[in-house]
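Inspection log for the structure reproduced underneath, given as C-alpha cells.
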Amino acid sequence: MARETTRKNGAEHQVAMVFDLNKCIGCQTCSVACKVLWTREEGTDYHWWCTVNTQPGRGHPRDYEAMGGGYRDGVVQPGRRPTRQEWGGGWDFNYDEVLYGGKGQSVFLHHVGEEPHWGPNWDEDQGAGEYPNAYYFYLPRLCNHCTKPACLEACPRGAMYKREQDGIVLRDESRCRGYQFCLEACPYKKVYFNFLRNVSQQCIGCFPRLEQSVAPACVRQCPGRAIWFGMMDDEESPVSKLVRKWQVALPLHPEYGTEPNIFYIPPIGPARLNDDGSFNETTPRIPIEYLETLFGPKVGTSLDTLQAAMAKTREGGKSELMDTLIAYHWKDMFKPFDRDPAEIQWK
Ligand code: SF4
C-alpha cells in the first residue's frame, strides 16, 4: 500500500483498540466487514486480516503460538512461516455447477479440490473443560500495530514503517520483494502473503477511513458494542482509560515483546457449577492460569477490578468503568472517529 507519509520506526501518536471478551459473541461481523472492504483482490482469497477464534483453541493459522517470532533479550527472532495448509481457507466451490449448470436441485454446493483441514475458527465452540463446566470464549485478532513491530525490524528492504500521526504499521508494496521475513518475525502471524503478487500484506488500520474521522470497519460494524477505538495519548479516550487508568484491558501475549496496541478485557465466564447444581462462587469456570497464558500476570487484577465495579453497581452505586463497558452511547466508543462513512464521497 504505497502512500506518501512519514517513514520512521516510531510514532508521535498511537491508535489503540480494546475488545471486551465478555461482549464478543463470535458473530464474525468484524471479520466480514474487513474482508469485503480490503481483501477482494486476486491472491487475497485466503486473507482474513481480522479473525475471531474460539479459545481455548489452536488459532489461526493453526498453532501460531508455537511458531516463534517477536523479541528475545531485545533481539528480533525469526520464527517460522505457516504453511498454506496451516492457514487454510481460500477454498474453491462448485459455483458454476450449482448456479449455471442447469441441474436444478440435483446438485448442492460443496468445495472442490484439496480436502480442507483447517481454516479461520475451524475449531469453533469446542473449547475445553468437562460438562457441566465446559467453557469457551471468542478472541478477535488483527495486526496489533505494535509499538515495537517485529515485522518492521525484520524487513531488510525498509518497506515497512509506522505512521507518525497514528502509529499504524504500513508497508510500501513497491519496496517489498516478497522475502516474508516480516511474517516470520511477527509472533502473532498476522501478516499474509499474496502468492500471486509476491508481496506481504496485512491490516492497514483502515487508515483511509481514519483520515476522514471514520472508525475502522471492524470497530464500526460490531453489533455487540464490544470494541473501543481511539488515541492512546488522549487521556479522555475510553481506550486510554480502559488500558491505563482502570488497567482492565490487557495485551495478548505481552511476553512476545512487541508492545501490541490491541487490548482485551478478559472474560469473567459463567459461574462454575457444583455437583449438586449449585453455583460455586469461589472457583472461576475459566481457569485464571489459562487466561494468564494469553494475557499475562495482570489478569487476576483486571478481573478483580471488573467484579468490584459490577458489585458496586448491583448495590446501586455509580461506576464510570461499568458505564463505559455498557456503552450506552454507541458513538462514544470511537470518538472522535465517529463520522458516518455514508456522508463521504470516497475516491
Ligand atoms: Fe508487525 Fe505482527 Fe505487530 Fe502487526 S502484530 S505490527 S504484523 S509484529
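I'm trying to understand the selection: among the residues of region 73-103, which are among the charged types (D, E, K, R) and either part of a loop (DSSP other than H, G, I, E, B) or surrounded by 12 or more Cβ atoms within 10 Å (Cβ to Cβ) (or both)?
Of the residues in region 73-103, the ones among the charged types (D, E, K, R) are 73, 80-81, 84, 86, 92, 96-97, 103.
If the condition is that a residue be among the charged types (D, E, K, R) and either part of a loop (DSSP other than H, G, I, E, B) or surrounded by 12 or more Cβ atoms within 10 Å (Cβ to Cβ) (or both), then 73, 80, 81, 84, 86, 97, 103 are the ones that fit.
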message = Suppose we filter region 113-158 for residues that are within 22 Å of residue 251 (Cα to Cα), part of a loop (DSSP other than H, G, I, E, B) and away from the ligand (no atom under 16 Å from the Cβ); how many remain?
response = 4
task = Might you check whether a residue that is touching a Pro at 6+ places or on another chain (Cβ under 8 Å) and modelled with pLDDT under 95 occurs anywhere in region 69-87?
result = no
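Filter region 276-326 for residues that are of a type in the set (A, V, I, L, M) and out of contact with any strand residue (DSSP E or B) (no Cβ under 8 Å at 6 or more places or on another chain) and give the result.
Of region 276-326, the ones of a type in the set (A, V, I, L, M) are 286, 288, 291, 294, 299, 303, 306, 308-311, 321-322, 325-326.
Within region 276-326, 288, 291, 303, 308, 309, 310, 311, 321, 322, 326 qualify.
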task = Tally the residues that are within 15 Å of the chain's Cα centre (by Cα), assigned to a strand (DSSP E or B) and either over 19 Å from residue 291 (Cα atoms) or within 16 Å of the ligand (Cβ to nearest atom) (or both), restricting the search to region 53-71.
result = 1
query = Can you find a residue in region 16-36 that is at positive phi, modelled with pLDDT of 95 or more, of a type in the set (S, T, N, Q) and under 19 Å from the mean Cα position of the chain (by Cα)?
reply = yes
message = For the condition of a type outside the set (Asp, Glu) and closer than 19 Å to residue 139 by Cα, what is the one hit in 298, 335, 312?
response = 298
task = Go through (1) within 30 Å of residue 208 (Cβ to Cβ); (2) out of contact with any helix residue (DSSP H, G or I) (no Cβ under 9 Å at 6 or more places or on another chain) one by one and return the number of the condition residue 274 breaks.
result = (1)
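For region 204-211, state whether one or more residues are acidic (Asp, Glu) and touching a residue at least 60 places away in the same chain (Cβ under 8 Å).
Taking region 204-211 and keeping what is acidic (Asp, Glu), we get 211.
Filter once more, keeping what is touching a residue at least 60 places away in the same chain (Cβ under 8 Å): none.
Within region 204-211 (the criterion being acidic (Asp, Glu) and touching a residue at least 60 places away in the same chain (Cβ under 8 Å)), the answer is no, since none of the residues qualifies.
Looking at region 258-273, can you tell me whether even one residue there is over 21 Å from the mean Cα position of the chain (by Cα) and crowded, with 16+ Cβ neighbours inside 10 Å? Walk me through it before giving the result.
Kept after step one, since they are over 21 Å from the mean Cα position of the chain (by Cα), are these residues of region 258-273: 270-273.
Subsequent filtering for residues that are crowded, with 16+ Cβ neighbours inside 10 Å retains 272.
Yes, because at least one residue in region 258-273 is over 21 Å from the mean Cα position of the chain (by Cα) and crowded, with 16+ Cβ neighbours inside 10 Å.
Could you run through region 237-288 and say how many residues are within 16 Å of the ligand (Cβ to nearest atom) and in contact with a Leu (Cβ under 8 Å, 6 or more places away or on another chain)? Explain how you work it out, then say what you get.
The initial filter retains those residues of region 237-288 that are within 16 Å of the ligand (Cβ to nearest atom), namely 250-264.
Those left that are additionally in contact with a Leu (Cβ under 8 Å, 6 or more places away or on another chain): 252-253, 260, 262-264.
Adding up the residues that qualify gives 6.
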request  = Scan region 159-169 for residues that are of a type outside the set (A, V, I, L, M), more than 10 Å from the ligand (Cβ to nearest atom) and in a loop (DSSP other than H, G, I, E, B) and jot them down.
outcome  = 163, 164, 165, 166
task = Output the residue which, of all residues in region 274-287 that are surrounded by 14 or more Cβ atoms within 10 Å (Cβ to Cβ) and without any contact (Cβ under 8 Å) to a residue 24 or more places away in the chain, is farthest from the chain's Cα centre (by Cα).
result = 284
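Hey, among the residues in region 294-347 that are hydrophobic (A, V, I, L, M, F, W, C) and more than 24 Å from residue 232 (Cβ to Cβ), which one's surrounded by the most Cβ atoms within 10 Å (Cβ to Cβ)? Working first, answer last.
Going through region 294-347, the residues hydrophobic (A, V, I, L, M, F, W, C) turn out to be 294-295, 299, 303, 306, 308-311, 321-322, 325-327, 330, 333-334, 337, 342, 344, 346.
This time we only want the ones that are more than 24 Å from residue 232 (Cβ to Cβ), so: 308, 310-311, 342, 344, 346.
Working: 308: 11, 310: 15, 311: 11, 342: 7, 344: 13, 346: 9.
Residue satisfying both the conditions and the ranking: 310.
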task = Filter region 170-229 down to the residues that are touching a strand residue (DSSP E or B) at 6+ places or on another chain (Cβ under 9 Å) and of a type in the set (D, E, K, R), then identify the one that is farthest from the ligand (Cβ to nearest atom).
result = 225
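The values are calculated or read from the model by the stated rules, or taken from the named source; none is laboratory data. The structure displayed is predicted, hence computed values, not measured ones. Backbone-built Cβ (ideal geometry, glycine too); neighbour counts: all protein chains shown.
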